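Below is one structure, written out as structure tokens; comments come after it.
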Amino acid sequence: MTAYNITSLQNRIIDQQASEAFRNACISEESYKGILKAHTEKLYTPDYFVRLALGILTLVAVFFTTALGSLLFYGATLSSALTILLSLIGFTYYVILECLIKSKKCYNAGVDNVLMFSALL
Amino acid sequence: MDKIIFQKLLHEKLDTPSEFEKVVSQELEPRSVHWDLRTLLYLGIVLLTTAFGILIYKNIESISHDVIIITIGILCAGCFWYCFKNAQKYSHKKINSSNIWFDYILLLGCLLLLTFIGYLQFEYNVFGNKWGLATFIPMMLLFMAAYYFDHLGVLSLAIVNLAAWVGITVIPLQILQSNDFGSSNLIYSGLVLGAFLLSTSFASDYYKIKRHFCFTYKNFGSHILLISLAAATFNFKLFYLLWFSVLFTVCFFLYRNALKERSFYFLVFSILYAYIGLCYVVVRLLFSFVGGAVVYFGIFYFIFSGIGLIVLLIHLNKMLKSHDGV
């Protein structure tokens, strides 16, 4: 199961290569625009500072969501309560990540990176 | 550049055979190491001055102070002599260096100048008890050098010295540890300094005097001002709402300016500083209530405010990007 659209990822690589070729004056502007038009990709990858800010804010939301989940399970007598809690939370983050990728097409946007690691952890 | 991708594009008739040949030949051309060399040169200057300091420190008993001070003085004078000899005529606009060594020798000269004056004060007490003078004089000299020789690195050194003269450490990794933001004197000093640097940035831009210095002034000024305002909000318990409103106003002003200049950097941190202040005010207000529900309100506030800001930043980023052309 792949989260990201393979065609979009391939088109991104092609667009990046075309940008480099255009910057080095290897292809004309007409060819460059033609390549971009034929290989459109709608992946959302913001600037480095925005990525950092989005990552920090996602970390805040993830931290407090985990805290809320811990509060809800506080006082549970089951020995495996912690395992169940963390599994549920991890699964929730995974579902949110999938929805974000499908709807907002986030790719290395900070939000998806933090959610991915949170789900793994 | 990947030859296979361009072969595919050639097959799809999206580029021409001559363009494909250019891409292939580009891959065989030598790569520029200009920026690698420049980085190594800057690193070299910093390591040289550090090594100099360590050498003096370790051999302080065997080398006389007079010899050390004369050596540093001669080296510093030599660097400035070279810079004056090779400097371009002063202009309000950006001046390019006359050769590749100029910037590095100027930086070395300025670092040695700071060492020279600091050593004079420490060993010979030249300025007596007037410690302010020991930072004021190098600061003025650095500002003059930055403007006359048009060097952003020296300008940054000058601003750091200005902050030191005011009593604040503005080195990025130490700004929160080395300053005692519990002291109201330091907070007020930071506010004045931050406002002064920001005003200098806008004045430079308005009067078109070294406009390329604007970013450096604005960067230092905004961070110092916003950190001081945040510290004022946290420390002045009686009027924290008033300080928060000032913080919010300054953040809003920087936000509008960032949108106008299309600067993601200032946009992001103006929003983050305002968010930090808002979080503090909300938590403080929640603590004034009693009850278990307060904790849940707090948690829900952080979750939803975090999500709200994420949506806002994504929207602003897309809005700014949509105006960019090819």
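Being open to solvent by 80 Å² or more (accessible area, probe 1.4 Å) and assigned to a loop (DSSP other than H, G, I, E, B) narrows it down to one residue among A:Thr83, A:Thr40; which is it?
Values: A:Thr83 fails: assigned to a loop (DSSP other than H, G, I, E, B).
Going through A:Thr83, A:Thr40 in turn, just one is open to solvent by 80 Å² or more (accessible area, probe 1.4 Å) and assigned to a loop (DSSP other than H, G, I, E, B): A:Thr40.
For B:Val268, are the conditions met, namely being touching a helix residue (DSSP H, G or I) at 6+ places or on another chain (Cβ under 6 Å), within 14 Å of chain A (Cβ to nearest Cβ) and over 28 Å from B:Ile314 (Cα atoms)? Show your work before the answer.
Details: touching a helix residue (DSSP H, G or I) at 6+ places or on another chain (Cβ under 6 Å): yes; within 14 Å of chain A (Cβ to nearest Cβ): yes; over 28 Å from B:Ile314 (Cα atoms): no.
No; evaluated as a whole, the condition is false for this residue.
Which condition number does A:Arg23 fail, the rest of (1) closer than 21 Å to B:Lys3 by Cβ; (2) touching a residue at least 12 places away in the same chain (Cβ under 8 Å) being met?
Of (1) closer than 21 Å to B:Lys3 by Cβ; (2) touching a residue at least 12 places away in the same chain (Cβ under 8 Å), only one is false for A:Arg23: (2).
With the requirement that a residue be surrounded by 15 or more Cβ atoms within 10 Å (Cβ to Cβ) and in contact with a His (Cβ under 9 Å, 6 or more places away or on another chain), what does the range B:114-151 give you?
Hits for the range B:114-151 are B:Tyr119, B:Ala145, B:Asp150.
Report, by residue number, each residue of the range A:5-35 that is of a type in the set (A, V, I, L, M), at the interface with chain B (Cβ under 10 Å from one of its Cβ atoms) and open to solvent by 50 Å² or more (accessible area, probe 1.4 Å). So that I can check it myself, show each step before the final result.
The initial filter retains those residues of the range A:5-35 that are of a type in the set (A, V, I, L, M), namely A:6, A:9, A:13-14, A:18, A:21, A:25, A:27, A:35.
Keeping just the survivors that are at the interface with chain B (Cβ under 10 Å from one of its Cβ atoms) gives A:13-14, A:18, A:21, A:25, A:27, A:35.
Of everything in the range A:5-35, those that are of a type in the set (A, V, I, L, M), at the interface with chain B (Cβ under 10 Å from one of its Cβ atoms) and open to solvent by 50 Å² or more (accessible area, probe 1.4 Å) turn out to be A:Ile13, A:Ala25.
Look at the range B:1-55 and say how many of its residues are open to solvent by less than 50 Å² (accessible area, probe 1.4 Å) and more than 10 Å from chain A (Cβ to nearest Cβ).
The first filter runs over the range B:1-55 and keeps only residues open to solvent by less than 50 Å² (accessible area, probe 1.4 Å), leaving B:1, B:5-6, B:9, B:14-15, B:19-20, B:23-24, B:26, B:41, B:44-45, B:49, B:53.
Next, from what is left, pick out any that are more than 10 Å from chain A (Cβ to nearest Cβ): B:41, B:44-45, B:49, B:53.
Number of matching residues: 5.
Look at B:Tyr90 and say whether it is assigned to a helix (DSSP H, G or I) and hydroxyl-bearing (Ser, Thr, Tyr).
On the way: assigned to a helix (DSSP H, G or I): no; hydroxyl-bearing (Ser, Thr, Tyr): yes.
So B:Tyr90 does not fit the description; no.
Step by step: first the residues of the range A:69-99, then only those that are more than 13 Å from A:Leu121 (Cα to Cα) and at pLDDT 85 or above, then the one that is nearest to the other protein chains (Cβ to nearest Cβ). Which residue is that?
Looking at residues that are more than 13 Å from A:Leu121 (Cα to Cα) and at pLDDT 85 or above, I get A:Ile96.
Got at least one residue in the range A:109-117 being of a type outside the set (Val, Ile, Thr), more than 27 Å from B:Lys318 (Cα to Cα) and facing chain B (nearest Cβ under 10 Å)? First the steps, then the outcome.
Quick first cut of the range A:109-117, residues of a type outside the set (Val, Ile, Thr) only: A:109-110, A:112-113, A:115-117.
Keeping just the survivors that are more than 27 Å from B:Lys318 (Cα to Cα) gives none.
No, the range A:109-117 has no match at all.
Based on what the data block shows, is B:Leu254 under 21 Å from B:Ala195 (Cβ atoms), modelled with pLDDT of 90 or more, in a helix (DSSP H, G or I) and not hydroxyl-bearing (Ser, Thr, Tyr)? Walk me through it before giving the result.
Numbers: under 21 Å from B:Ala195 (Cβ atoms): yes; modelled with pLDDT of 90 or more: yes; in a helix (DSSP H, G or I): yes; not hydroxyl-bearing (Ser, Thr, Tyr): yes.
Answer is yes for this residue.
The values are calculated or read from the model by the stated rules, or taken from the named source; none is laboratory data. What you see is a predicted model; the values in this text were computed from it and never measured. Heads up, the Cβs are rebuilt from the backbone with ideal geometry, glycines too, and the neighbour counts pull from every protein chain shown. Heavy atoms of the whole protein, side chains included, go into the accessibility calculation; ligands, DNA and RNA do not. Shrake-Rupley method; radii C 1.70, N 1.55, O 1.52, S 1.80 Å.
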